[in-house]
Amino acid sequence: MSISRSISSAQTEIHKDLQKQVERHLEHEFRKPIAAHTERAYEKIMDKVSQDPRPVIFDACCGVGESSRQLAENAVDKLVIGVDKSDFRLNKNYPNRKDNLLLIRADLNDLYRLFARDKVLFSQHKILYPNPWPKISHLKRRWHGSAVFPQLVALSKDLELRSNWLIYLQEFQAALKILGHESYIKQLSIETPLTPFEAKYHNSGQPLFQLVSQLV
């Protein structure tokens with residue numbers, strides 16, 4: 001059984017600079033050049049989507065792809081696209097054999113902008129256990145504090161996050177509110193863990209939380 005320590009942080013509430021950070025990214029376009037390998041990944045994703053009529057579940061930061069595989073097994077009427085920045089993680093343990101599953105390497109900071117550029121809209125968007133970057137100085141590294149947050153939110157009307165750090169989800173919820181979106185947070189009761197992180201946190205007795213938003 002894999003055991004994990006609980007998150008330790010000097011931050012005990014929503015970051016005082018969150019609103020300023022989100023509003024800055026709403027006002028200024030993110031102009032970082034897009035990596036060539038992500039351009040190629042985007043083309044592969046859109047080619048797959050164009051050939052498959054099923055609604056798409058986008059599984060961001062999927063790591064070794066365990067969550068993507070379970071989603072594909074449990075929803076054969078959906079096309080699941082799992083994305084991670086590491087080829088090593090994606091190819092670590094499992095073959096990619098399901099016809100409704102695509103695992104692919106890309107930089108999500110670039111990929112979200114490409115989706116937004118072409119007004120791509122997927123059925124569901126899941127971010128399961130992203131790195132919470134718990135130090136107070138880490139706000140800009142969290143998804144809701146990143147320059148690509150507005151484009152991330154535009155990908156789907158059905159957005160789900162999970163975390164073992166409640167503050168992370170509370171901040172994300174507050175950032176969504178700034179963009180005009182409502183959401184709710186609840187504590188999860190885990191039966192079958194979706195990711196290795198979820199299994200590890202659950203086995204460690206840590207409370208796990210879920211944010212769900214039906215975006216306007």
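The values are calculated or read from the model by the stated rules, or taken from the named source; none is laboratory data. Please read all numbers here as calculations on a predicted model, not as lab measurements. Here Cβ is always computed from backbone atoms with ideal geometry, including for glycine, and neighbour counts include all displayed protein chains.
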query: Out of the range 132-145, which residues are under 23 Å from residue 87 (Cα atoms), touching a residue at least 12 places away in the same chain (Cβ under 8 Å) and part of a loop (DSSP other than H, G, I, E, B)?
result: 132, 142
- request: Give the number of residues within the range 22-51 that are aromatic (Phe, Trp, Tyr) and over 16 Å from residue 79 (Cα atoms).
  value: 1
- prompt: Mind checking which residues of the range 157-216 are among the acidic types (Asp, Glu) and not in a loop (DSSP other than H, G, I, E, B)?
  reply: 158, 160, 171, 198
query: For the range 1-19, which residues satisfy the criterion of being out of contact with any Pro (no Cβ under 8 Å at 6 or more places or on another chain) and either modelled with pLDDT under 95 or surrounded by fewer than 10 Cβ atoms within 10 Å (Cβ to Cβ) (or both)?
result: 1, 3, 4, 5, 6, 10, 12, 13
message: Being surrounded by fewer than 14 Cβ atoms within 10 Å (Cβ to Cβ), under 19 Å from residue 181 (Cβ atoms), modelled with pLDDT under 95 and acidic (Asp, Glu) is the requirement here; does residue 27 meet it?
response: yes
- prompt: Any residue in the range 48-67 that is within 29 Å of residue 192 (Cβ to Cβ), buried (at least 22 other Cβ atoms within 10 Å of the Cβ) and among the hydroxyl-bearing types (Ser, Thr, Tyr)?
  reply: yes
task: Those residues that are of a type in the set (S, T, N, Q), at pLDDT 95 or above and in a loop (DSSP other than H, G, I, E, B), I need them from the range 101-131; list them, please.
output: 123
task: Among the candidates 161, 211, single out the residue that is crowded, with 17+ Cβ neighbours inside 10 Å, at pLDDT 95 or above and closer than 20 Å to residue 66 by Cβ.
output: 161
message: Every residue in the range 160-204 that is free of Cβ contacts under 8 Å to residues at least 60 places away in the same chain and among the small types (Gly, Ala, Ser), please.
response: 163, 180, 183, 189
